[in-house]
2 protein chains.
Amino acid sequence: MTIQPENQAIAQEHAAENSAAGDAIALICGGGSFPRAVADAIARRGRRPVMFAIKGWADSKVIEQYPHHWIALGQLGRFCRLARAEHCHDVLFIGTLLRPAIRDLRLDWPTVRAMPRIIRSFRGGDDHLLSGVANILADAGLRIIAVHDVAPEILVPDGVLGRCQPSARDRADIARAFEVLAALGPFDIGQGAVVADNNVLAVEAAEGTDNMLSRLIELRRHGRVTARPGIGVLAKAPKPSQDRRFDLPAIGPRTIEYAARAGLAGVAVAAGSAIIADAAETIAVADRAGIFLAGVGRGSV
Amino acid sequence: MTIQPENQAIAQEHAAENSAAGDAIALICGGGSFPRAVADAIARRGRRPVMFAIKGWADSKVIEQYPHHWIALGQLGRFCRLARAEHCHDVLFIGTLLRPAIRDLRLDWPTVRAMPRIIRSFRGGDDHLLSGVANILADAGLRIIAVHDVAPEILVPDGVLGRCQPSARDRADIARAFEVLAALGPFDIGQGAVVADNNVLAVEAAEGTDNMLSRLIELRRHGRVTARPGIGVLAKAPKPSQDRRFDLPAIGPRTIEYAARAGLAGVAVAAGSAIIADAAETIAVADRAGIFLAGVGRGSV
(Lines give C-alpha, C1' and ligand atoms only; values in the text may rest on other atoms or scores of the structure.)
Protein backbone atom coordinates (compact mmCIF):
# COMPACT_ATOMS: atom_id res chain seq x y z
CA MET A 1 0.00 0.00 0.00
CA THR A 2 1.26 3.44 -0.83
CA ILE A 3 0.84 6.17 1.72
CA GLN A 4 0.31 9.52 0.08
CA PRO A 5 1.07 12.85 1.65
CA GLU A 6 -2.02 14.86 2.41
CA ASN A 7 -2.94 17.14 -0.42
CA GLN A 8 -5.28 19.76 0.84
CA ALA A 9 -5.72 21.46 -2.52
CA ILE A 10 -6.89 18.30 -4.23
CA ALA A 11 -9.10 17.45 -1.28
CA GLN A 12 -10.87 20.77 -1.36
CA GLU A 13 -11.27 20.66 -5.13
CA HIS A 14 -12.91 17.24 -4.92
CA ALA A 15 -15.10 18.36 -2.08
CA ALA A 16 -16.26 21.32 -4.16
CA GLU A 17 -16.97 19.14 -7.21
CA ASN A 18 -19.15 16.87 -5.15
CA SER A 19 -20.85 19.42 -3.01
CA ALA A 20 -24.10 19.07 -4.89
CA ALA A 21 -24.03 15.29 -4.87
CA GLY A 22 -26.13 13.28 -2.46
CA ASP A 23 -23.17 11.03 -1.86
CA ALA A 24 -22.26 12.78 1.38
CA ILE A 25 -20.85 11.27 4.52
CA ALA A 26 -21.52 12.63 7.99
CA LEU A 27 -18.34 12.60 10.04
CA ILE A 28 -19.04 12.79 13.77
CA CYS A 29 -15.79 14.41 14.84
CA GLY A 30 -14.18 14.05 18.25
CA GLY A 31 -10.81 15.47 19.19
CA GLY A 32 -7.42 15.29 17.51
CA SER A 33 -6.32 15.69 13.90
CA PHE A 34 -7.71 12.41 12.60
CA PRO A 35 -11.08 13.78 11.46
CA ARG A 36 -9.38 15.95 8.84
CA ALA A 37 -7.21 13.08 7.61
CA VAL A 38 -10.34 10.98 7.11
CA ALA A 39 -12.23 13.86 5.48
CA ASP A 40 -9.31 14.46 3.10
CA ALA A 41 -9.26 10.79 2.12
CA ILE A 42 -13.03 10.77 1.59
CA ALA A 43 -12.82 13.93 -0.54
CA ARG A 44 -9.99 12.44 -2.62
CA ARG A 45 -12.34 9.59 -3.50
CA GLY A 46 -14.98 12.02 -4.71
CA ARG A 47 -17.41 11.87 -1.81
CA ARG A 48 -18.48 14.85 0.24
CA PRO A 49 -17.56 14.94 3.92
CA VAL A 50 -19.84 16.91 6.24
CA MET A 51 -18.29 17.50 9.62
CA PHE A 52 -20.41 17.22 12.77
CA ALA A 53 -18.02 18.61 15.33
CA ILE A 54 -18.68 17.63 18.92
CA LYS A 55 -18.57 20.68 21.17
CA GLY A 56 -15.83 20.42 23.74
CA TRP A 57 -14.00 17.73 21.80
CA ALA A 58 -13.49 18.65 18.15
CA ASP A 59 -10.79 21.12 17.14
CA SER A 60 -12.20 23.97 15.01
CA LYS A 61 -9.00 24.16 12.96
CA VAL A 62 -9.38 20.51 12.05
CA ILE A 63 -12.99 20.62 10.91
CA GLU A 64 -13.49 24.10 9.42
CA GLN A 65 -12.08 23.30 5.99
CA TYR A 66 -15.18 21.28 5.19
CA PRO A 67 -18.88 22.01 5.56
CA HIS A 68 -19.53 21.62 9.25
CA HIS A 69 -22.01 21.85 12.11
CA TRP A 70 -21.31 21.95 15.82
CA ILE A 71 -23.34 19.53 17.91
CA ALA A 72 -23.45 18.89 21.60
CA LEU A 73 -23.12 15.39 22.93
CA GLY A 74 -26.58 14.04 23.50
CA GLN A 75 -28.24 15.92 20.63
CA LEU A 76 -28.92 12.89 18.54
CA GLY A 77 -32.22 14.36 17.34
CA ARG A 78 -30.52 17.51 16.06
CA PHE A 79 -27.79 15.44 14.48
CA CYS A 80 -30.24 13.22 12.61
CA ARG A 81 -32.15 16.28 11.32
CA LEU A 82 -29.00 18.02 10.09
CA ALA A 83 -27.57 14.84 8.57
CA ARG A 84 -30.74 14.33 6.54
CA ALA A 85 -30.73 18.00 5.43
CA GLU A 86 -27.15 17.48 4.20
CA HIS A 87 -28.23 14.32 2.32
CA CYS A 88 -26.03 12.11 4.42
CA HIS A 89 -26.99 8.47 4.80
CA ASP A 90 -23.62 7.19 5.92
CA VAL A 91 -22.21 8.19 9.31
CA LEU A 92 -18.63 7.77 10.38
CA PHE A 93 -17.28 8.33 13.88
CA ILE A 94 -13.75 9.62 14.09
CA GLY A 95 -11.45 11.12 16.67
CA THR A 96 -11.05 11.00 20.39
CA LEU A 97 -14.31 10.84 22.25
CA LEU A 98 -13.79 10.30 25.90
CA ARG A 99 -16.48 8.91 28.06
CA PRO A 100 -18.61 11.97 28.73
CA ALA A 101 -19.89 12.78 32.16
CA ILE A 102 -23.63 12.33 32.19
CA ARG A 103 -23.89 15.73 33.86
CA ASP A 104 -22.24 17.35 30.80
CA LEU A 105 -24.87 16.09 28.39
CA ARG A 106 -27.53 18.45 27.00
CA LEU A 107 -30.28 16.14 25.98
CA ASP A 108 -32.80 16.75 23.24
CA TRP A 109 -36.08 14.85 23.12
CA PRO A 110 -35.12 11.92 20.87
CA THR A 111 -32.12 11.43 23.08
CA VAL A 112 -34.19 11.56 26.24
CA ARG A 113 -36.37 8.81 24.82
CA ALA A 114 -33.25 6.80 24.12
CA MET A 115 -31.76 7.44 27.55
CA PRO A 116 -32.52 4.06 29.07
CA ARG A 117 -30.48 2.44 26.30
CA ILE A 118 -27.71 5.03 26.61
CA ILE A 119 -27.50 4.71 30.38
CA ARG A 120 -27.21 0.98 30.03
CA SER A 121 -24.37 1.57 27.59
CA PHE A 122 -22.43 3.58 30.12
CA ARG A 123 -21.84 0.51 32.20
CA GLY A 124 -19.18 -1.70 30.73
CA GLY A 125 -16.75 0.38 28.75
CA ASP A 126 -16.62 2.29 25.52
CA ASP A 127 -17.62 -0.57 23.26
CA HIS A 128 -21.01 -0.89 24.84
CA LEU A 129 -21.55 2.84 24.90
CA LEU A 130 -20.78 3.18 21.21
CA SER A 131 -22.76 0.14 20.17
CA GLY A 132 -25.74 1.63 21.98
CA VAL A 133 -25.40 4.85 19.98
CA ALA A 134 -25.05 2.85 16.75
CA ASN A 135 -28.37 1.16 17.37
CA ILE A 136 -30.09 4.48 17.96
CA LEU A 137 -28.77 5.95 14.70
CA ALA A 138 -29.78 2.84 12.78
CA ASP A 139 -33.34 3.39 13.99
CA ALA A 140 -33.14 6.86 12.39
CA GLY A 141 -32.21 5.36 9.01
CA LEU A 142 -28.54 6.27 9.25
CA ARG A 143 -25.94 3.68 8.42
CA ILE A 144 -22.74 3.60 10.46
CA ILE A 145 -19.74 2.93 8.29
CA ALA A 146 -16.10 2.34 9.15
CA VAL A 147 -12.89 4.05 8.07
CA HIS A 148 -11.86 1.01 6.05
CA ASP A 149 -15.08 1.33 4.02
CA VAL A 150 -14.23 4.78 2.71
CA ALA A 151 -10.58 5.59 3.41
CA PRO A 152 -8.55 2.40 3.76
CA GLU A 153 -5.40 4.28 2.76
CA ILE A 154 -5.24 6.02 6.12
CA LEU A 155 -5.02 2.68 7.91
CA VAL A 156 -1.55 1.45 8.79
CA PRO A 157 -0.42 -1.13 6.22
CA ASP A 158 1.51 -4.32 6.97
CA GLY A 159 5.25 -3.94 7.18
CA VAL A 160 7.93 -1.50 8.29
CA LEU A 161 7.03 2.05 7.27
CA GLY A 162 10.21 3.98 7.89
CA ARG A 163 13.94 3.38 7.59
CA CYS A 164 14.54 1.69 10.96
CA GLN A 165 13.96 -2.05 11.29
CA PRO A 166 12.89 -3.82 14.49
CA SER A 167 15.55 -6.15 15.91
CA ALA A 168 14.88 -9.75 16.95
CA ARG A 169 14.48 -8.54 20.54
CA ASP A 170 12.04 -5.84 19.38
CA ARG A 171 10.02 -8.48 17.53
CA ALA A 172 9.83 -10.59 20.68
CA ASP A 173 8.71 -7.51 22.64
CA ILE A 174 6.09 -6.73 19.99
CA ALA A 175 4.71 -10.26 20.24
CA ARG A 176 4.51 -10.07 24.04
CA ALA A 177 2.87 -6.65 23.95
CA PHE A 178 0.18 -7.91 21.59
CA GLU A 179 -0.36 -10.86 23.95
CA VAL A 180 -0.95 -8.40 26.80
CA LEU A 181 -3.47 -6.47 24.69
CA ALA A 182 -5.25 -9.70 23.77
CA ALA A 183 -5.45 -10.74 27.44
CA LEU A 184 -7.06 -7.42 28.31
CA GLY A 185 -9.53 -7.58 25.43
CA PRO A 186 -12.36 -9.06 27.49
CA PHE A 187 -12.16 -6.06 29.82
CA ASP A 188 -12.86 -3.53 27.13
CA ILE A 189 -9.92 -1.30 27.97
CA GLY A 190 -6.96 0.50 26.41
CA GLN A 191 -5.34 -0.19 23.16
CA GLY A 192 -1.73 0.20 24.14
CA ALA A 193 1.03 -1.54 26.06
CA VAL A 194 4.77 -1.08 26.37
CA VAL A 195 7.15 -4.04 26.69
CA ALA A 196 10.93 -3.69 27.04
CA ASP A 197 13.16 -6.75 26.92
CA ASN A 198 10.21 -8.96 27.83
CA ASN A 199 9.14 -6.81 30.80
CA VAL A 200 5.72 -5.17 30.63
CA LEU A 201 6.38 -1.55 31.62
CA ALA A 202 2.99 0.03 31.04
CA VAL A 203 -0.59 -0.83 30.20
CA GLU A 204 -3.01 1.77 28.89
CA ALA A 205 -6.47 2.15 30.38
CA ALA A 206 -8.37 5.43 30.83
CA GLU A 207 -5.29 7.64 30.49
CA GLY A 208 -4.67 7.29 26.75
CA THR A 209 -1.48 6.51 24.87
CA ASP A 210 0.22 9.90 25.19
CA ASN A 211 -0.26 9.89 28.95
CA MET A 212 1.05 6.35 29.20
CA LEU A 213 4.20 7.32 27.31
CA SER A 214 4.59 10.50 29.41
CA ARG A 215 4.52 8.28 32.47
CA LEU A 216 7.39 6.21 31.10
CA ILE A 217 9.37 9.37 30.42
CA GLU A 218 8.84 10.35 34.08
CA LEU A 219 9.62 6.88 35.44
CA ARG A 220 12.84 6.87 33.44
CA ARG A 221 13.75 10.32 34.75
CA HIS A 222 13.29 9.08 38.33
CA GLY A 223 15.21 5.89 37.73
CA ARG A 224 12.21 3.61 38.08
CA VAL A 225 12.54 2.40 34.52
CA THR A 226 16.14 1.38 34.06
CA ALA A 227 16.09 -0.37 30.70
CA ARG A 228 18.69 1.44 28.62
CA PRO A 229 17.33 3.73 25.89
CA GLY A 230 16.67 2.00 22.60
CA ILE A 231 14.95 -1.01 24.15
CA GLY A 232 11.21 -1.52 24.23
CA VAL A 233 8.19 -1.14 22.01
CA LEU A 234 4.82 0.52 22.13
CA ALA A 235 2.15 -1.74 20.67
CA LYS A 236 -1.33 -0.59 19.72
CA ALA A 237 -4.16 -2.77 18.57
CA PRO A 238 -7.94 -2.65 18.58
CA LYS A 239 -9.54 -4.67 21.35
CA PRO A 240 -10.54 -8.14 20.14
CA SER A 241 -14.17 -7.27 20.81
CA GLN A 242 -13.94 -3.79 19.36
CA ASP A 243 -16.51 -2.57 16.92
CA ARG A 244 -14.17 -1.20 14.27
CA ARG A 245 -16.66 1.39 13.18
CA PHE A 246 -15.62 3.36 16.26
CA ASP A 247 -12.53 4.47 17.95
CA LEU A 248 -9.78 2.67 16.07
CA PRO A 249 -6.36 3.00 17.62
CA ALA A 250 -4.51 5.85 15.99
CA ILE A 251 -0.95 7.07 15.71
CA GLY A 252 0.53 10.32 14.53
CA PRO A 253 3.73 12.34 14.79
CA ARG A 254 3.13 13.01 18.47
CA THR A 255 2.87 9.30 19.28
CA ILE A 256 6.28 8.81 17.72
CA GLU A 257 7.79 11.80 19.51
CA TYR A 258 6.59 10.53 22.88
CA ALA A 259 7.79 7.00 22.13
CA ALA A 260 11.23 8.36 21.25
CA ARG A 261 11.38 10.45 24.43
CA ALA A 262 10.36 7.37 26.43
CA GLY A 263 13.50 5.68 25.09
CA LEU A 264 11.67 3.04 23.07
CA ALA A 265 13.07 1.24 20.04
CA GLY A 266 9.87 1.66 18.08
CA VAL A 267 6.13 1.52 17.63
CA ALA A 268 4.10 -1.40 16.30
CA VAL A 269 0.44 -1.18 15.39
CA ALA A 270 -2.05 -3.75 14.20
CA ALA A 271 -1.95 -3.55 10.40
CA GLY A 272 -5.21 -2.63 8.71
CA SER A 273 -6.97 -1.59 11.87
CA ALA A 274 -5.18 1.48 13.16
CA ILE A 275 -5.31 4.96 11.72
CA ILE A 276 -2.16 6.82 10.78
CA ALA A 277 -2.72 10.57 10.63
CA ASP A 278 -0.29 12.57 8.58
CA ALA A 279 1.58 9.48 7.44
CA ALA A 280 4.45 11.26 5.69
CA GLU A 281 5.20 13.41 8.73
CA THR A 282 4.75 10.49 11.14
CA ILE A 283 7.27 8.39 9.22
CA ALA A 284 9.66 11.34 8.92
CA VAL A 285 9.55 11.86 12.69
CA ALA A 286 10.30 8.15 13.26
CA ASP A 287 13.23 8.24 10.85
CA ARG A 288 14.65 11.38 12.45
CA ALA A 289 14.29 9.87 15.94
CA GLY A 290 15.86 6.62 14.77
CA ILE A 291 12.96 4.44 15.88
CA PHE A 292 10.98 1.93 13.87
CA LEU A 293 7.32 2.17 12.93
CA ALA A 294 5.69 -1.03 11.78
CA GLY A 295 2.30 -2.36 10.87
CA VAL A 296 1.97 -5.90 12.15
CA GLY A 297 -0.38 -8.30 10.44
CA ARG A 298 -1.45 -11.62 11.87
CA GLY A 299 1.50 -13.94 12.14
CA SER A 300 3.93 -11.39 10.74
CA VAL A 301 5.80 -10.50 13.93
CA MET B 1 -7.71 -12.35 63.08
CA THR B 2 -6.86 -9.48 65.39
CA ILE B 3 -4.67 -6.72 64.09
CA GLN B 4 -2.55 -5.24 66.82
CA PRO B 5 -1.10 -1.77 66.84
CA GLU B 6 2.66 -1.70 66.52
CA ASN B 7 4.31 -1.77 69.86
CA GLN B 8 7.84 -0.64 69.46
CA ALA B 9 8.76 -1.02 73.14
CA ILE B 10 7.70 -4.65 73.24
CA ALA B 11 9.43 -5.30 69.94
CA GLN B 12 12.73 -3.95 71.12
CA GLU B 13 12.49 -5.74 74.42
CA HIS B 14 11.93 -9.05 72.65
CA ALA B 15 14.75 -8.33 70.24
CA ALA B 16 17.09 -7.70 73.17
CA GLU B 17 16.02 -10.89 74.94
CA ASN B 18 16.79 -12.93 71.89
CA SER B 19 19.91 -11.19 70.73
CA ALA B 20 22.13 -14.05 71.87
CA ALA B 21 19.93 -16.72 70.34
CA GLY B 22 20.87 -18.38 67.08
CA ASP B 23 17.25 -18.12 65.99
CA ALA B 24 17.89 -15.03 63.92
CA ILE B 25 16.26 -14.05 60.65
CA ALA B 26 18.02 -12.02 57.99
CA LEU B 27 15.65 -9.43 56.56
CA ILE B 28 16.81 -8.15 53.20
CA CYS B 29 15.19 -4.73 53.29
CA GLY B 30 14.10 -2.69 50.30
CA GLY B 31 12.25 0.60 50.51
CA GLY B 32 9.16 1.65 52.42
CA SER B 33 8.03 1.12 55.99
CA PHE B 34 7.17 -2.57 55.65
CA PRO B 35 10.55 -3.93 56.78
CA ARG B 36 10.04 -2.50 60.25
CA ALA B 37 6.50 -3.85 60.50
CA VAL B 38 7.83 -7.32 59.68
CA ALA B 39 10.78 -6.97 62.05
CA ASP B 40 8.43 -5.88 64.85
CA ALA B 41 6.22 -8.92 64.25
CA ILE B 42 9.23 -11.24 64.22
CA ALA B 43 10.55 -9.72 67.44
CA ARG B 44 7.13 -10.07 69.09
CA ARG B 45 7.36 -13.78 68.38
CA GLY B 46 10.70 -13.99 70.11
CA ARG B 47 12.98 -14.31 67.10
CA ARG B 48 15.79 -11.91 66.32
CA PRO B 49 15.56 -9.81 63.17
CA VAL B 50 18.82 -8.70 61.54
CA MET B 51 18.28 -6.03 58.94
CA PHE B 52 20.28 -6.12 55.70
CA ALA B 53 19.43 -2.75 54.29
CA ILE B 54 19.89 -2.35 50.55
CA LYS B 55 21.79 0.83 49.77
CA GLY B 56 19.75 3.23 47.73
CA TRP B 57 16.46 1.52 48.63
CA ALA B 58 16.10 1.00 52.37
CA ASP B 59 15.16 3.86 54.68
CA SER B 60 17.64 4.25 57.54
CA LYS B 61 14.87 5.36 59.91
CA VAL B 62 13.01 2.13 59.20
CA ILE B 63 15.89 -0.28 59.78
CA GLU B 64 18.05 1.34 62.47
CA GLN B 65 16.00 0.13 65.45
CA TYR B 66 17.32 -3.39 64.91
CA PRO B 67 20.82 -4.77 64.37
CA HIS B 68 21.59 -3.91 60.78
CA HIS B 69 24.11 -3.95 57.95
CA TRP B 70 24.06 -1.97 54.75
CA ILE B 71 24.64 -3.99 51.60
CA ALA B 72 24.84 -3.00 47.99
CA LEU B 73 22.79 -4.81 45.40
CA GLY B 74 24.95 -7.47 43.85
CA GLN B 75 26.98 -8.20 46.99
CA LEU B 76 25.59 -11.64 47.55
CA GLY B 77 28.95 -12.91 48.79
CA ARG B 78 29.17 -10.22 51.46
CA PHE B 79 25.56 -10.81 52.43
CA CYS B 80 26.08 -14.56 52.88
CA ARG B 81 29.20 -13.95 55.01
CA LEU B 82 27.43 -11.43 57.27
CA ALA B 83 24.29 -13.57 57.54
CA ARG B 84 26.35 -16.53 58.73
CA ALA B 85 28.24 -14.33 61.23
CA GLU B 86 24.87 -13.22 62.61
CA HIS B 87 23.76 -16.88 62.88
CA CYS B 88 20.96 -16.36 60.39
CA HIS B 89 19.77 -19.37 58.44
CA ASP B 90 16.43 -17.96 57.36
CA VAL B 91 16.27 -15.06 54.91
CA LEU B 92 13.23 -12.94 54.27
CA PHE B 93 12.88 -10.34 51.51
CA ILE B 94 10.74 -7.36 52.34
CA GLY B 95 10.04 -3.92 50.92
CA THR B 96 10.12 -2.27 47.57
CA LEU B 97 12.95 -3.46 45.38
CA LEU B 98 12.69 -2.04 41.94
CA ARG B 99 14.42 -3.65 39.05
CA PRO B 100 17.95 -2.37 39.42
CA ALA B 101 19.92 -1.09 36.49
CA ILE B 102 22.72 -3.51 35.77
CA ARG B 103 25.06 -0.54 35.62
CA ASP B 104 24.22 0.31 39.25
CA LEU B 105 25.33 -3.06 40.56
CA ARG B 106 28.63 -3.41 42.43
CA LEU B 107 29.48 -7.03 42.04
CA ASP B 108 31.55 -9.11 44.40
CA TRP B 109 33.16 -12.34 43.26
CA PRO B 110 30.43 -14.84 44.27
CA THR B 111 27.98 -12.62 42.46
CA VAL B 112 30.17 -12.38 39.38
CA ARG B 113 30.25 -16.17 39.25
CA ALA B 114 26.45 -16.16 39.49
CA MET B 115 26.06 -13.45 36.86
CA PRO B 116 24.99 -15.69 33.99
CA ARG B 117 22.04 -16.84 36.10
CA ILE B 118 21.27 -13.32 37.28
CA ILE B 119 21.40 -11.88 33.78
CA ARG B 120 19.02 -14.56 32.59
CA SER B 121 16.71 -13.57 35.44
CA PHE B 122 16.57 -9.98 34.24
CA ARG B 123 14.62 -11.05 31.20
CA GLY B 124 11.03 -11.78 32.04
CA GLY B 125 9.93 -9.73 34.99
CA ASP B 126 10.48 -9.58 38.69
CA ASP B 127 9.41 -13.14 39.41
CA HIS B 128 12.20 -14.61 37.37
CA LEU B 129 14.75 -12.19 38.77
CA LEU B 130 13.84 -13.01 42.35
CA SER B 131 13.61 -16.74 41.77
CA GLY B 132 17.12 -16.60 40.33
CA VAL B 133 18.38 -14.89 43.48
CA ALA B 134 16.57 -17.46 45.65
CA ASN B 135 18.41 -20.30 43.94
CA ILE B 136 21.75 -18.62 44.50
CA LEU B 137 21.08 -18.14 48.23
CA ALA B 138 19.92 -21.73 48.57
CA ASP B 139 23.29 -22.83 47.20
CA ALA B 140 24.89 -20.87 50.09
CA GLY B 141 22.85 -22.81 52.65
CA LEU B 142 20.38 -20.00 53.34
CA ARG B 143 16.69 -20.77 53.38
CA ILE B 144 14.29 -18.21 51.96
CA ILE B 145 11.18 -17.90 54.04
CA ALA B 146 7.98 -15.94 53.55
CA VAL B 147 6.16 -13.37 55.66
CA HIS B 148 3.37 -15.82 56.39
CA ASP B 149 5.94 -18.21 57.91
CA VAL B 150 7.00 -15.78 60.63
CA ALA B 151 4.56 -12.88 60.81
CA PRO B 152 1.14 -13.91 59.48
CA GLU B 153 -0.52 -11.21 61.58
CA ILE B 154 0.77 -8.48 59.29
CA LEU B 155 -1.06 -10.05 56.35
CA VAL B 156 -4.48 -8.64 55.52
CA PRO B 157 -7.19 -10.92 56.94
CA ASP B 158 -10.44 -11.85 55.23
CA GLY B 159 -13.29 -9.41 55.73
CA VAL B 160 -13.98 -5.71 56.05
CA LEU B 161 -11.40 -4.04 58.29
CA GLY B 162 -12.88 -0.61 58.92
CA ARG B 163 -16.29 0.89 59.45
CA CYS B 164 -17.32 1.37 55.79
CA GLN B 165 -18.86 -1.53 53.90
CA PRO B 166 -18.54 -2.11 50.15
CA SER B 167 -21.84 -1.74 48.26
CA ALA B 168 -23.14 -4.29 45.77
CA ARG B 169 -21.66 -2.18 42.97
CA ASP B 170 -18.33 -2.05 44.78
CA ARG B 171 -18.37 -5.83 45.12
CA ALA B 172 -18.98 -6.20 41.39
CA ASP B 173 -16.09 -3.78 40.72
CA ILE B 174 -13.86 -5.76 43.09
CA ALA B 175 -14.66 -8.98 41.24
CA ARG B 176 -13.90 -7.41 37.88
CA ALA B 177 -10.66 -5.87 39.11
CA PHE B 178 -9.46 -9.25 40.37
CA GLU B 179 -10.34 -10.72 36.99
CA VAL B 180 -8.13 -8.10 35.32
CA LEU B 181 -5.26 -8.96 37.66
CA ALA B 182 -5.72 -12.67 36.95
CA ALA B 183 -5.67 -12.04 33.19
CA LEU B 184 -2.37 -10.17 33.53
CA GLY B 185 -0.81 -12.82 35.75
CA PRO B 186 0.96 -14.64 32.91
CA PHE B 187 2.76 -11.40 32.05
CA ASP B 188 4.40 -11.06 35.43
CA ILE B 189 3.33 -7.45 35.97
CA GLY B 190 1.72 -5.16 38.50
CA GLN B 191 -0.43 -6.08 41.37
CA GLY B 192 -3.04 -3.39 41.11
CA ALA B 193 -6.03 -2.33 39.03
CA VAL B 194 -8.81 0.21 39.43
CA VAL B 195 -12.36 -0.48 38.25
CA ALA B 196 -15.21 2.01 38.57
CA ASP B 197 -18.76 0.98 37.74
CA ASN B 198 -17.46 -1.89 35.63
CA ASN B 199 -14.99 0.29 33.68
CA VAL B 200 -11.31 -0.50 34.05
CA LEU B 201 -9.71 2.89 34.71
CA ALA B 202 -6.11 1.92 35.43
CA VAL B 203 -3.77 -1.04 35.38
CA GLU B 204 -0.50 -1.02 37.31
CA ALA B 205 2.74 -2.06 35.64
CA ALA B 206 6.18 -0.57 36.34
CA GLU B 207 4.84 2.62 37.94
CA GLY B 208 3.66 1.17 41.26
CA THR B 209 0.35 1.62 43.06
CA ASP B 210 0.88 5.16 44.37
CA ASN B 211 1.77 6.40 40.90
CA MET B 212 -1.25 4.67 39.42
CA LEU B 213 -3.53 6.37 41.93
CA SER B 214 -1.82 9.73 41.38
CA ARG B 215 -2.61 9.34 37.70
CA LEU B 216 -6.29 8.87 38.48
CA ILE B 217 -6.24 11.98 40.65
CA GLU B 218 -4.79 13.89 37.66
CA LEU B 219 -7.19 12.36 35.13
CA ARG B 220 -10.09 13.33 37.34
CA ARG B 221 -8.75 16.88 37.69
CA HIS B 222 -8.58 17.17 33.89
CA GLY B 223 -12.01 15.68 33.37
CA ARG B 224 -10.77 12.50 31.73
CA VAL B 225 -12.19 10.36 34.51
CA THR B 226 -15.76 11.43 34.97
CA ALA B 227 -17.15 8.78 37.31
CA ARG B 228 -18.54 10.68 40.26
CA PRO B 229 -16.51 10.47 43.48
CA GLY B 230 -17.34 7.51 45.66
CA ILE B 231 -17.41 5.00 42.82
CA GLY B 232 -14.63 2.59 42.04
CA VAL B 233 -12.22 0.30 43.81
CA LEU B 234 -8.51 -0.33 43.93
CA ALA B 235 -7.77 -4.05 43.98
CA LYS B 236 -4.40 -5.53 44.84
CA ALA B 237 -3.43 -9.17 44.61
CA PRO B 238 -0.27 -11.17 44.13
CA LYS B 239 0.27 -12.39 40.60
CA PRO B 240 -1.00 -15.95 40.14
CA SER B 241 2.54 -17.07 39.39
CA GLN B 242 4.09 -15.01 42.14
CA ASP B 243 6.59 -16.53 44.50
CA ARG B 244 5.10 -15.32 47.78
CA ARG B 245 8.46 -15.29 49.45
CA PHE B 246 9.09 -12.02 47.62
CA ASP B 247 7.38 -8.80 46.96
CA LEU B 248 3.90 -9.34 48.31
CA PRO B 249 1.45 -6.60 47.53
CA ALA B 250 1.31 -4.16 50.41
CA ILE B 251 -0.97 -1.41 51.62
CA GLY B 252 -0.53 1.29 54.21
CA PRO B 253 -2.00 4.64 55.23
CA ARG B 254 -0.64 6.30 52.09
CA THR B 255 -2.40 3.79 49.82
CA ILE B 256 -5.68 4.70 51.49
CA GLU B 257 -5.02 8.44 51.29
CA TYR B 258 -4.30 8.21 47.56
CA ALA B 259 -7.36 6.02 46.97
CA ALA B 260 -9.53 8.56 48.78
CA ARG B 261 -8.07 11.45 46.76
CA ALA B 262 -8.69 9.46 43.57
CA GLY B 263 -12.38 9.43 44.51
CA LEU B 264 -12.61 5.68 45.01
CA ALA B 265 -15.14 3.93 47.20
CA GLY B 266 -12.55 1.65 48.72
CA VAL B 267 -9.61 -0.70 48.58
CA ALA B 268 -9.74 -4.50 48.34
CA VAL B 269 -6.72 -6.74 48.74
CA ALA B 270 -6.28 -10.48 48.47
CA ALA B 271 -6.73 -11.81 51.99
CA GLY B 272 -3.77 -13.64 53.46
CA SER B 273 -1.33 -12.59 50.78
CA ALA B 274 -0.95 -8.84 51.09
CA ILE B 275 0.92 -6.98 53.79
CA ILE B 276 -0.73 -4.27 55.82
CA ALA B 277 1.76 -1.93 57.40
CA ASP B 278 0.63 0.04 60.39
CA ALA B 279 -2.76 -1.61 60.43
CA ALA B 280 -4.37 0.56 63.10
CA GLU B 281 -3.39 3.77 61.33
CA THR B 282 -4.34 2.38 57.91
CA ILE B 283 -7.80 1.47 59.13
CA ALA B 284 -8.18 4.83 60.91
CA VAL B 285 -7.31 6.67 57.68
CA ALA B 286 -9.91 4.63 55.78
CA ASP B 287 -12.58 5.35 58.39
CA ARG B 288 -11.79 9.07 58.38
CA ALA B 289 -11.90 9.20 54.58
CA GLY B 290 -15.14 7.22 54.53
CA ILE B 291 -13.83 4.49 52.27
CA PHE B 292 -13.85 0.76 52.80
CA LEU B 293 -10.84 -1.49 53.25
CA ALA B 294 -11.43 -5.19 52.77
CA GLY B 295 -9.49 -8.41 52.60
CA VAL B 296 -11.03 -10.62 49.97
CA GLY B 297 -10.66 -14.38 50.21
CA ARG B 298 -11.45 -16.79 47.44
CA GLY B 299 -15.12 -16.72 46.65
CA SER B 300 -15.87 -14.09 49.27
CA VAL B 301 -16.50 -11.10 47.00
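The values are calculated or read from the model by the stated rules, or taken from the named source; none is laboratory data. All of these numbers come straight from a predicted model, not from anything done at the bench. Every residue, glycine as well, gets a Cβ built from its backbone with ideal geometry; the counts of neighbours run over all protein chains shown. What goes into the accessible areas is simple: the full protein's heavy atoms, side chains included, and nothing from ligands, DNA or RNA. Shrake-Rupley method; radii C 1.70, N 1.55, O 1.52, S 1.80 Å.
So the values come out like this:
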read-out	value
Solvent-accessible area buried by pairing B with A, both sides, nearest 100 square angstrom, 1.4 angstrom probe	3100
Shielding score for B:172-179, defined as the mean number of other chain Cβ atoms within 10 Å	1
Partners for residue A:236 among lysines (Cα-Cα distance below 16 Å; same-chain residues under 8 apart left out)	none
Solvent-accessible area lost in complex, 30 Å² minimum, residues of segment A:204-221 relative to chain alone, 1.4 Å	A:205, A:206, A:207, A:215, A:219
List B:221, B:176, ordered by accessible area with a 1.4 Å probe, largest first	B:221, B:176
Share of pairwise Cα separations in segment A:145-226, more than 14 Å, in percent	72
Averaged over A:193-201, number of beta-carbon atoms from partner chains that fall within 10 Å	5
Placed amide H near residue A:195: partners under 5 Å, 5+ positions off or other chain	A:201, A:233, A:235
Residue-count net charge about residue B:180 - beta-carbon cut-off 11 Å; Lys, Arg +1, Asp, Glu -1	-3
Residue-wise HN-Hα coupling along segment B:51-64, computed from phi with Karplus coefficients 6.51, -1.76, 1.60 (Hz; x: Gly, Pro)	8, 10, 7, 7, 4, x, 10, 6, 9, 4, 5, 6, 9, 6
Label point 7 Å beyond Cα along the C-beta direction, distances from residue A:158 to other copies (nm, shortest first)	5.2
